[in-house]
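Take a look at the structure set out below.
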Amino acid sequence: MGKRAYNFNAGPAALPLAVLERAQAQFVDFEGTGMSIMEMSHRGAVYEAVHNEAKQLLLELLGAPEGYEVLFLQGGATTQFSMIPLNLLKEGTVGAYVNTGSWAEKALQEAQKVGETAVIASSEAEKFAFIPSFDGVAIPDNAAYVHITTNNTIEGSQFHFTPETGNIPLIADMSSDILCRPVDVSKYGMIYAGAQKNLGPSGVTVVIAKSTLLKESPKSLPTMLRYDIHNKNNSLYNTPPTFSIYMVKLVLEWLKEQGGLTAVEKVNEAKAKVIYDAIDDSNGFYTGTVDTGSRSLMNITFRLPSEELEKSFAKASEAEGFVGLKGHRSVGGMRASTYNAVPMEACEALARFMKEFQAKHA
Ligand SMILES: *Cc1c(COP(=O)(O)O)cnc(C)c1O
């Protein structure tokens, strides 16, 4: 096998090598069935065992208390931007949003099409350079939910606290940081994530929610947009993305083998530190774009002294086997996505490369 790339893609992103190899070994003949998992019925016992194990493993790794359900849906996290208000934003209630970046804003915009919304905290005026504090934030009494984006994939910021919302369900888009650290699930009404950053390949979106939020969707909604229908049918109302769910199961097993989320968080902190140190020890050659207290463990964003130098950094890094270091086109700069599957070795190699590049160009 050729050398694996230093993959810092933002999504779809790196998958653990051990997972890819496991999938390869099972690809043609899944557990002696004489066929691939992709080729079998989603109503058969073999696939259903995979499906149910993936659900169980997700709840187990998250340490979710009783009363939470897992859904496997399609349409990406972006479809959840609409499904959340369509299912939960009833007449006379308001969807309360915290605006911390481009994805948070997109979630808000979709809710605005459905009903009443309020922005209860925002860092938009400061170019999303930090996560606003929740001290003194007023949540409307008639809020149906509070929506946050725990990790801002494009801007490189991350919540390092869980907002207290009392009886009002807290809903979190965790697309780019789910399972990167332990989380107190009991504080959330709903957590959702597109799989292609930290969970598996694209094609499946996971929703972990209190069953009370999945009980009764408006009957007027298209069937495929109703949480209650998916929940009652164990996410098998129609054909689910079976191969993606199988891959998620392998990733969850791998995470468990790593020692679970406490162990994974330690590794993620060490990985991020290597790169943030390269930024902070550069005498201003590299500058982080996010306030230190809000820096993300998963998407490390930084700039160089000029766009010219950023272009040559991107080019030179590609020549050295690094992939995906260009920032999102909407913000420019550089971004290293250090999801769970990105090994420490890749982060150390990047830090070395950053120092060498600086020595040549400073
Ligand atoms: C990538 C991303 C999305 C969009 O996910 P899709 O699965 O492509 O719809 C939404 N929110 C966040 C935080 C993301 O990182």
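Here are the numbers for the structure shown:
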item	result
Inter-label distance for Ser122 and Thr287, nm, one decimal - labels placed 7 Å from Cα along Cα-to-Cβ	2.5
Against the rule of thumb 2.2 N^0.38 Å, how large the Cα Rg of region 17-132 comes out	1.51
Full-extension gain in nm, Glu21 to Ala349, via 0.36 nm per residue minus C-alpha separation	115.7 nm
Surface accessible to a 1.4 Å probe, per residue, for the residues of region 260-361, Å²	47
Region 260-361: proportion of alpha-carbon pairs further apart than 22 angstrom, %	24
Computed over the chain, the ratio Rg/Rh where both radii use C-alpha atoms and Rh is Kirkwood	0.98
Spatially proximal aspartates and glutamates relative to Lys113 (Cα-Cα < 15 Å; intrachain offsets below 8 disregarded)	Glu91, Glu105
Using a Förster distance of 22 Å, the FRET efficiency for Glu307-Ala270 (Cβ separation, nearest 0.05)	0.10
Proximal aspartates and glutamates to Lys232, defined as alpha-carbon separation beneath 13 angstrom and excluding residues fewer than eight positions away on the same chain	Glu69, Glu216
Region 40-81 shape via C-alpha gyration tensor axes, a/c threshold 1.5	oblate
Exceeding the 27 Å Cα-Cα cut-off - candidates Lys106/Lys355; Lys3/Lys197; Lys273/Lys311; Lys215/Lys256	Lys106/Lys355; Lys215/Lys256
More than 16 Å apart - percent of Cα-Cα pairs taken over region 183-262	61
Accessible area of region 18-257 belonging to carbon and sulfur atoms, whole % at 1.4 Å probe	50
Per residue, the convex hull volume that the Cα atoms of region 107-225 enclose (Å³)	136
Solvent exposure, largest accessible area first (probe 1.4 Å, DNA, RNA and ligands not counted), of Glu21, Glu216, Glu91	Glu91, Glu216, Glu21
Separation between Cα centres of region 329-357 and region 66-139, rounded to whole Å	29
Computed helical MRE - 222 nm, the chain, DSSP H runs ≥ 4 contributing -39500 (n - 2.57), nearest 500	-11000 deg cm²/dmol
Accessible carbon and sulfur surface of region 260-361 relative to its total accessible area, %, 1.4 Å	50
Rounded to 5, the percent of DSSP beta bridges in the chain classed as antiparallel	50
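The values are calculated or read from the model by the stated rules, or taken from the named source; none is laboratory data. As the structure is a computational prediction, the values presented were derived from the model and not from experiment. Because the Cβ atoms are built from the backbone with ideal geometry, glycine has one as well, and the counts that use them run over all protein chains shown. Surface areas here come from the heavy atoms of the whole protein model, side chains and all, with no ligands, DNA or RNA. Shrake-Rupley method; radii C 1.70, N 1.55, O 1.52, S 1.80 Å.
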